[in-house]
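We did not get these values from a lab; they are worked out from the coordinates using the rules stated. What you see is a predicted model; the values in this text were computed from it and never measured. Cβ: placed from backbone, ideal geometry, glycine included. Neighbour counts: every protein chain shown.
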Amino acid sequence: MEKRALEGLRVLDLGVIWAVPHCGMLLANMGAEVIKIEAIQRMDATRGSIAPDPSLGVLLGLPGGKPGKRPWNQSPYFHATNTSKLSLTLDLSRPRGTEIFKDLAKKSDVVLEGFAGGVMERMGLGYEVLKQVNPALVVVSAPGFGAGGPWSRYRCWGTIVWHVSAMSMLSGYPGEGPMQAGNTFPDPTAGCHIAGCVMAALLYRRRTGKGQFLDVAQVEPAIGFTGPYLMDYIMNGREPLRQGNRHPCHAPHGCYPCRGDDNWITIAVTSDEEWKALCTAMERPELAADERFADSLSRWKNQDELDGIVMEWTVLRDNREAMYTLQKAGVAAGAVLRVEQVHDNPQLKDRGFYEEVTHPDTGSHLYRNVGYRMSETPGHILRPPPPLGDHNEYVLGQILGICQEKIHALEKDQIIGKVPLPGADGN
């Protein structure tokens, strides 16, 4: 039987939306037993709306556009961040719920949460409490702005992180306002950052036997994207200018239209040798000796003319055909792929990036794997994203030893359950 890198590790995942759940998914796909904890009173918002029309409020739509009997288990957004996890529902606003959580924390290694500062303390589950329950526990708090400081209690979403980290001030075209990318990629970046911190804390625990509290502000790893510009300001007092797809030093460097509707290719030339290779590939070798483009500074100063010349070549070609031609010539180039083209990408398929997973509410689909390869302990999707409360009996019965009669009583009292209550989506 294939071993998993994180076998034997138990993680309680209180994360919602994307950042913290992404961390939990990374750990789960590497073999950790990750228990996602929600409540039927308030489930993860990515499960979507359940009323009045389930098909309207579910993020990114439902498979086939129609809700099934349990639409809260069908959302693509939820499925994208929760593979390999178990699901426990638990009302942490009530004493019996927090009592069960503490019992579970005694038998766990890691707790993940991304609530605003003070939320865990108000539930009676702050680190000082959990440390008394289990001194070896690694507890991660990952709100937008961190567990301390004047902004610690502010609510935060990936959109806010994008802007507060100054990324939007770097994004856009000259003379135009700041722009946000089409997705909030600070979230999965923070999730990877948290996973690394967790592994470091577990190594510390292996040496000392002690757990610790990890205070991870999601905005801080996001500032890594602005690092060079931040240091330039610190050292030189210069504010960066928005440059669109251009580069501060290299040219040609941009996104160019190709044959067909909304097809594009990115090209990056970083040396005179690469420029000569591009000229040869475009069957315009004379451009390499053109004084307007003879060296990197000249090319950079004449980008408008240069981009027009490159565009004349790209617009007549399919973007992937152009990519193959330029890559063969030694020029860095990549077709701008649509989502369906990423899904059908032969490179990803060859590397086994996708795995087929069957879910009881959505059927069989391809899901992305962990995104890296380990020769001895490869990661895989161990189970589909969990239906709400699907592992209540396992967690409460087998892990905590609660008898079936008491589990039924918890369900009757709505401390646990498998069907969300009206308003559980937060709408």
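Of note:
- Highest-MSF residue in the chain out of Tyr354, Tyr367, Tyr204 [GNM, Cα springs under 10 Å]: Tyr204
- In degrees, nearest ten, helix 19-29 long axis to first principal axis of the chain (Cα): 80
- Expected 222 nm ellipticity per residue - DSSP helices of 4 or more, -39500 (n - 2.57), all of the chain, to 500: -9500 deg cm²/dmol
- Lys, Arg +1 and Asp, Glu -1 on Cβ, resulting dipole of the chain about Cα centre, debye, nearest 20: 1500
- When only alpha carbons are used to place a centre, segment 192-263 and segment 2-28 end up 22 Å from one another.
- Normalised contact order of the chain, rounded percent, pairs of Cα under 8 Å and 6 or more residues apart: 22
- Total formal charge among the other residues, if their Cβ is under 11 angstrom from that of His391, Lys/Arg +1 and Asp/Glu -1: +1
- At the listed q of 0.13, 0.21 Å⁻¹, the Debye profile of segment 191-237, built from one uniform point per Cα, gives log10 I(q)/I(0) equal to -0.46, -0.75.
- Working from Cα pairs under 8 Å separated by at least six residues, relative contact order for segment 118-244 is 36 percent.
- The spacing between segment 303-340 and segment 76-147, judged by their C-alpha centroids, is 48 Å.
- Of the residues Asn345, Asn236, Asn183, the one that moves most in a GNM of the chain with alpha-carbon contacts below 10 Å is Asn236.
- Rounded to whole Hz, the Karplus (6.51, -1.76, 1.60) HN-Hα couplings of segment 406-413, x for glycine and proline: 6, 5, 4, 5, 4, 5, 5, 7
- Segment 138-269 - Rg over Rh from alpha carbon coordinates, Kirkwood radius: 1.08
- Relative contact order for segment 241-326: 35 percent, from Cα pairs under 8 Å spaced at least 6 residues apart, divided by residue count.
- Here is the list for segment 81-163: trypsin sites (Lys or Arg not before Pro) lying in DSSP coil, each with at most 15 other C-beta atoms within 10 angstrom of its C-beta, are Lys107, Arg153, Arg155.
- Remark: segment 217-227, residue by residue, has Karplus-estimated 3J(HN,Hα) of 8, 4, 5, 6, x, 5, 5, x, 5, 9, x Hz, where x stands for each Gly or Pro and the curve is 6.51 cos²θ - 1.76 cosθ + 1.60 at θ = phi - 60°.
- The angle between the Cα long axis of helix 272-281 and the longest principal axis of the Cα atoms of the chain comes to about 80 degrees, rounded to the nearest 10.
- Averaging 1/r over each pair of different alpha-carbon atoms in segment 287-410 and inverting the result gives 20.3 Å, the Kirkwood hydrodynamic radius.
- With Cα atoms, 0 to 90° folded angle of helix 303-314 axis to the chain main axis: 80
- Near the amide H of Gln212, within less than 5 Å, lie the amide hydrogens of Val138, Val139, all on another chain or at least 5 residues away, with H placed in the peptide plane.
- Charging the Cβ of each Asp and Glu at -1 and of each Lys and Arg at +1, and nothing else, the dipole of segment 312-427 about its Cα centre rounds to 360 debye.
- Listed values for segment 79-95 are Karplus-derived 3J(HN,Hα) couplings in whole Hz (6.51 cos²θ - 1.76 cosθ + 1.60, θ = phi - 60°), namely 5, 6, 10, 9, 5, 6, 8, 9, 10, 10, 9, 7, 7, 7, 8, 10, x, and x replaces Gly and Pro.
- At 0.692 mPa s and 37 °C, Stokes D of the chain from Kirkwood alpha-carbon radius, µm² per second: 135
- Residues His380, His359, ranked from the fewest to the most other C-beta atoms within 10 Å, line up as His380, His359.
- 5 angstrom amide H check on Ala332, placed H, neighbours 5+ away: Ala268
- The amide H of Tyr367, built 1.01 Å from its N in the peptide plane, has Glu355, Glu356, Val357 as neighbours under 5 Å, considering only residues 5 or more places off or on other chains.
- Listed by Cβ neighbour count within 10 Å, with the fewest neighbours leading, Ser171, Ser84, Ser364, Ser298 appear as Ser364, Ser298, Ser171, Ser84.
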